[in-house]
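The values are calculated or read from the model by the stated rules, or taken from the named source; none is laboratory data. Note that the structure is a prediction, hence the values are computed from the model and not measured. With ideal geometry, Cβ positions are generated from the backbone for all residues, glycine too; neighbour counts draw on all protein chains shown. For the accessible areas, the whole protein counts, side chains as well, though only heavy atoms, and no ligand, DNA or RNA atoms are used. Shrake-Rupley method; radii C 1.70, N 1.55, O 1.52, S 1.80 Å.
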Amino acid sequence: MLSKWCPVKFGIKLITTLFISLLAGSAAARTTQDYLPADSKLDPAVPSPESVLGWEVGDWHVSHDKLVQYMQALAAASPRVTIKVIGYTYEQRPLLQLAITSAENQQNLESLRSAHLQGQGPLVVWLGYSIHGDEPSGSNASMLAAYYLASSRSPFVENLLAGSIILIDPSINPDGLNRFASWANSNAGNIPVADPVTRQHVQNWPGARTNHYWFDLNRDWLPLVHPASRARIVEFHRWLPHVLTDHHEQGSYPGFFFQPGVPSRQNPLTPSENLELTRALAMYHSSAMDSAGQPHFTEDTFDDFYYGKGSTYPDINGSIGILFEQRAIRGQELSTSNGAETFRMAVANHLRMSLSTLRGSWELRQRLIEYQAGFAGAMLDRAASKDFRAWVIGDDADPARARAFLDRLELHRIEFRPLGETIRAGGQEFIPGHAWVIPARQRQFGLIEAMMEKRTEFEDETFYDVSAWTQPLAYNLPFTTLGKMPATEEPTESSSGLPPDHQALAWTIPWQQMDAAPLLQALLSEGVKVRTAMKPFSAQTGSGLQPFLAGTLLIQAGIQEPEALPKAIEILSNAALSGLAVHSLSNTLTATGPDFGSKHFPIVRPIKPLIIGGKGTSSYGVGEQWFLLDQHLKIASPIVELPHLDTVDLQEYTHLLMADGDYSALRNGAESEIISWVKNGGVLLTINRAATWAESLCFDNDPANCETDEPGDSAVEPVAPRAYSDFEDDKAQQVIGGAIVSSMVDLSHPLAFGYQRPELPIFRRGTTELAPSQNPYSTPVRYTNSPLMAGFIGDERLEAIKGQPAVIAEKTGEGLLVRFANTPLFRGFWRGTEKLFINALYFAQVVNATEIPELAPKPKPKSTHN
């Protein structure tokens, strides 16, 4: 039973007293009692943070191990608190979840959770802190919030816990939090320095905002690339809180922000009642900040559009997500336009917002419970109003890529079933065994619609983050809507493949498989000789005659070193048993296409890439490359910082990987060394601004051929006047925050090996435009003439890329210069273009020169005169 399910209602006077007492403490609060309400009536048996840490909250930045230590001590001492580890980070730090409720409720936690999911249980509020590691005031405040709820015997807290379950995620990004705590504490002085230029306030590259691989976890609630995100989303759906808070910091505005964001930029798929409830909660936040004399604002700057953030993902799942943005202090003290502000003040503000959330949610609990209870019905009604009944999605002959997509659907609690009949729709064919049906009529209709739609029209054309994220396009999987539900089958366990024939003369691995690249790397690491097909062919296999595309891997038994052959068979067997298609061949003469002994099956040599990072480069872009190499390809991935590049012997490496960034710090000496290295066989792989920088390199043997004419003194056109108020809208027309565009791929080019369809969705972010190549064979990917597929791009920017190159690969001497206008590894989830990058790693070496020799001039006729 839920204890005290009908508590007495508090009067306005008592509630006001509670929060004024909380907020009236000195802005430079020092003790736990200074942070908390005066009437807290703290239980002396429950340890305070300072009794475990050895110092007061706000004096130092709490490291993750100390945070865990305190939360465990709290759970051990208070019958109101249970704690569980829901997962681990890359650095093996535990992800904690505290459940705080009355001691009686703790005895019935699972039954209460079940009742809540049926719309009949207690209020559930989730407090989530510091998903960005260098926004630490939230995690530091989490200790105070947990202590207050575990220790206070005030009437408010006792009634709150009798009718609520409070979930606390004290550190959403433990690796980043720990990285920043180390930085801030190691640069702290005995006398606080408020000057913003001091080292404590200015982190070294890459900073601590991100996770271990330098990804922003607050963009990963939808893609679920990282283990911390996957563990958190499982718990979100286990509990489905009525309210979820997301505690952040920002460095641009003098006041504290809380949602709603800009109303015109709320995602139109979010129910309107969500905005009404968010506004109702905002009144409690505003009252709390007013009582403390703290500046604050709402419905400005930030938005609620992209569902991959912690404050917006709940909005399409029947919960209310709340973003909090405290003015970042980060050190001990900072001079701002408000005066000197301290880290303790930042901690106090996040505690205020935690308690104002609890207060507002408690008073609005009936509305919140009813809203969530009716959400499923509202989504079913929305689904019924559409002119389609399902989506169908195919595997594109790559079950692993499709499985990766379906795994995300499962984590989001989205229902799907195997297709049971062959259908043609949207100009495509979908067949059983290779396609799945996602019914529209399900509770998660809103979320799946958000993941599948290709919206191109918007009320407001300014976006805080991306404007499109269509998931099947990210995985480059064929999909369409269906006017009626087709026949479906019962889900079955996917069967593992059969091991290859150990006595075969050769084995082939189709390159279109997502897991073929890690297999190739495993083979190369063991000294196995691998070839790749430059042209399509067909060959007799154990399963009959099979066609193979260019890029297919070929392992010939007869050319392997004695110690390498058993390793090759073991690796291939393990891959086949895990589901990868590995074909055994008893004859090395092909049925059609080139034979294996011809020049059309070159050896793939091992690669040794070097990633360039450091100040001036995008830590996100560098992290994407590191993540791919380290996590997916399982290859050592050294990273050298830009200022140290001149200490590196480039001849030790096959590839230089340059993510988006400013490379102007590379002077003539370094540029000349890179040019020479490329000419001698190196592969220079550049993305976004790095690609623009690479265009300035002179690879011509005669530098005079690289000189450009100086611009003349042409008359400057007068600028048409615009209203000052038009600036933000005009700026939005020029910014590409993130949209999806269509491209056409030259399937014969080695950088396109593994693709079966020439149409390829690309994620476009930023405004890089590549200078076209003078070689007509060097552009494997170019934008279509009608490129916009989803999201927003201003007319001028859209016109500029029509038919233009998206990827250029130019042979330079013995090496290759590859230029990407957009990152093909966007946030680790744009798996559809990932193969372009992988091909540039392994197949750049098989790209041949394509310079057609000029015709010799006709000989002059001999003179007939003496």
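Which percent of Cα pairs goes in each bin when the distances of segment 169-322 are cut into 5 angstrom slices starting at zero?
The calculated distribution, bin by bin, is 2, 8, 15, 17, 17, 17, 13, 7, 3, 1, 0.
Under the rule a/c < 1.5 gives rounded, and otherwise a/b versus b/c splits prolate from oblate, where does segment 649-690 land using the Cα gyration tensor? Intermediate results must be reported in sequence, preceding the final value.
Numbers: a/c = 2.24, a/b = 1.31, b/c = 1.72.
Here segment 649-690 falls in the oblate category.
If you project the alpha carbons of segment 714-866 onto the principal axes, what extent comes out on each, in Å, largest first?
Answer, in whole Å and largest first: 83, 49, 25 Å.
Hey, what's segment 44-137 come to in accessible area per residue, 1.4 Å probe, Å²? Working shown, then result.
On the way: 3410 Å² over 94 residues.
The answer is 36 Å² per residue.
For segment 107-229, rounded, prolate or oblate, judged on the Cα gyration tensor with a ≥ b ≥ c (square roots of eigenvalues), a/c < 1.5 rounded, else prolate if a/b > b/c? Walk me through the intermediate numbers first.
On the way: a/c = 3.86, a/b = 1.66, b/c = 2.32.
Here segment 107-229 falls in the oblate category.
Give the average over all directions of the projected area of the C-alpha convex hull of segment 71-118, one decimal, in nm². It would help to have the intermediate numbers written out before the result.
Numbers: hull surface 15.9 nm².
With every direction weighted equally, the projected area is 4.0 nm².
How large is ³J(HN,Hα) for each residue in segment 779-785, as worked out from phi by the Karplus curve 6.51 cos²θ - 1.76 cosθ + 1.60 (θ = phi - 60°), to whole Hz, x for Gly and Pro?
So the Karplus estimates, Gly and Pro as x, are 10, x, 9, 9, 5, 6, 7 Hz.
Just need the relative contact order of segment 288-430 here, percent rounded to a whole number, with Cα pairs under 8 Å and 6+ apart.
Details: 72 pairs, mean separation 18.5, N = 143.
For segment 288-430, the relative contact order is 13 percent.
Over the alpha-carbon set of segment 402-491, work out the extent along each principal axis and list the three values in angstrom, largest first.
Projected onto its principal axes, the Cα set of segment 402-491 covers 43, 29, 23 Å.
Assuming R0 = 56 Å, can you tell me the calculated FRET efficiency for the pair Asn190 and Leu577, based on Cβ-Cβ distance, to the nearest 0.05? Before the final figure, lay out each step's value.
Working: r = 61 Å, r/R0 = 1.10.
Rounded to the nearest 0.05, the efficiency is 0.35.
Ordering Thr245, Thr456 by how much accessible area each has at a 1.4 Å probe, largest first, what is the list?
The residues order as Thr456, Thr245, largest area first.
Mind listing the phi-derived Karplus ³J(HN,Hα) values for segment 406-415, rounded to whole Hz, using 6.51, -1.76 and 1.60 with θ = phi - 60°, and x for any glycine or proline?
5, 4, 5, 4, 4, 5, 8, 6, 8, 7
Per the Debye formula with a single identical scatterer at each Cα and no solvent contribution, what log10 I(q)/I(0) holds for segment 416-547 at q = 0.12, 0.19, 0.23 Å⁻¹?
Values returned for q = 0.12, 0.19, 0.23 Å⁻¹ are -0.78, -1.23, -1.48.
How many percent of all Cα-Cα pairs in segment 264-398 sit more than 24 Å apart?
Numbers: 4068 of 9045 pairs.
Here the long-distance tail beyond 24 Å is 45 percent of all Cα pairs in segment 264-398.
Using a 7 Å offset from Cα along Cα-Cβ at Ala280, what residues in segment 302-322 end up with backbone N under 14 Å from the label point?
319-321
log10 I(q)/I(0), Debye, Cα-only segment 258-335, no solvent, q = 0.18 Å⁻¹?
Log10 of I(q)/I(0), two decimals: -0.74.
Could you work out the per residue convex hull volume over the alpha carbons of segment 452-501, in cubic angstrom? Don't jump to the answer; show the numbers that get you there.
On the way: hull volume 9.7 nm³, N = 50.
Per residue, the Cα convex hull of segment 452-501 comes to 195 Å³.
Could you pull out the pairs from Lys309/Lys731; Lys454/Lys811; Lys811/Lys835; Lys309/Lys608; Lys567/Lys634; Lys529/Lys634 whose alpha carbons sit more than 28 Å apart here? Please list the in-between numbers first.
On the way: Lys309/Lys731 24 Å; Lys454/Lys811 37 Å; Lys811/Lys835 20 Å; Lys309/Lys608 36 Å; Lys567/Lys634 17 Å; Lys529/Lys634 18 Å.
As for pairs spanning more than 28 Å Cα to Cα, those are Lys454/Lys811; Lys309/Lys608.
Any idea which of Gly621, Leu577, Ile687 is furthest toward the positive side of the dipole for segment 566-721, if Lys and Arg beta-carbons carry +1 and Asp and Glu beta-carbons -1?
Leu577
Accessible area per residue, 1.4 Å probe, Å², for segment 785-858: what's the number?
Values: 2960 Å² over 74 residues.
Using a 1.4 Å probe on heavy atoms only, each residue of segment 785-858 averages 40 Å².
Averaged per residue, what accessible area in Å² does segment 227-369 show with a 1.4 Å probe, protein chains only?
Working: 3540 Å² over 143 residues.
Accessible area per residue: 25 Å².
Restrict the search to segment 718-815; then list the GluC sites (Glu not before Pro) that DSSP places in a loop and that have at most 12 other Cβ atoms within 10 Å of their Cβ. Provide the component values of the computation, followed by the final result.
Working: sites: Glu728, Glu759, Glu769, Glu796, Glu799, Glu810, Glu814; in loops: Glu769, Glu814.
Passing both the DSSP loop test and the Cβ count: Glu814.
Can you show me the helix-derived [θ] at 222 nm for the chain, built from DSSP H runs with n ≥ 4 at -39,500 (n - 2.57) apiece and divided by the number of residues, rounded to the nearest 500.
Here the helix-only value at 222 nm equals -9000 deg cm²/dmol.
Is segment 339-423 best put as rounded, prolate or oblate by its Cα gyration tensor, with a ≥ b ≥ c the root eigenvalues, rounded for a/c under 1.5, and otherwise prolate when a/b is larger than b/c, oblate when not?
Values: a/c = 4.29, a/b = 1.88, b/c = 2.28.
Taking the square roots of the gyration eigenvalues as a ≥ b ≥ c, segment 339-423 is oblate.
How big, on average over all directions, is the shadow cast by the Cα convex hull of segment 72-170, in nm²?
So the Cα hull casts an average projection of 6.9 nm².
Rounded to whole Å and ordered largest first, report the semi-axes of the equivalent ellipsoid of segment 564-606 derived from its Cα gyration tensor (root of 5λ). List each step's numbers first, then the result.
On the way: eigenvalues 104, 43, 20 Å².
After diagonalising the Cα gyration tensor, the semi-axes are 23, 15, 10 Å.
Given the chain, what whole percent of its Cα pairs are spread farther than 51 Å?
Values: 88920 of 374545 pairs.
Above the 51 Å cut-off, the chain has 24 percent of its Cα pairs.
Restricting to Cα pairs below 8 Å that are 6+ residues apart, what does the relative contact order work out to for the chain? Please round to a whole percent. Intermediate results must be reported in sequence, preceding the final value.
Values: 1764 pairs, mean separation 83.1, N = 866.
Over the chain, the number comes to 10 percent.
Plugging the Kirkwood radius over Cα pairs into Stokes-Einstein for segment 526-674, at a temperature of 4 °C and a viscosity of 1.567 mPa s, what D comes out in µm²/s? Display every interim value, and only then the final one.
Values: Rh = 18.4 Å.
Diffusion coefficient, whole number: 70 µm²/s.
Which parts of segment 315-345 would a label at Phe297 reach, counting a residue when its backbone N lies under 18 Å from a point 7 Å out along Cα-to-Cβ?
Taking a point 7 Å out along Cα→Cβ of Phe297, the residues of segment 315-345 whose backbone N falls under 18 Å are 323-329, 336-339.
Going by average Cβ neighbours within 10 Å, how do the peptides 800-808, 261-269, 179-187 rank, with the highest at the top?
Details: 800-808: 20.8, 261-269: 17.1, 179-187: 18.9.
Going by the mean number of other Cβ atoms within 10 Å, highest first, we get 800-808, 179-187, 261-269.
In whole percent, and with a 1.4 Å probe on the protein chains, what portion of the accessible area of the chain is carbon and sulfur? Don't skip to the end; give the middle numbers.
Working: 18120 of 35450 Å².
For the chain, the apolar C and S fraction of the accessible surface comes to 51 percent.
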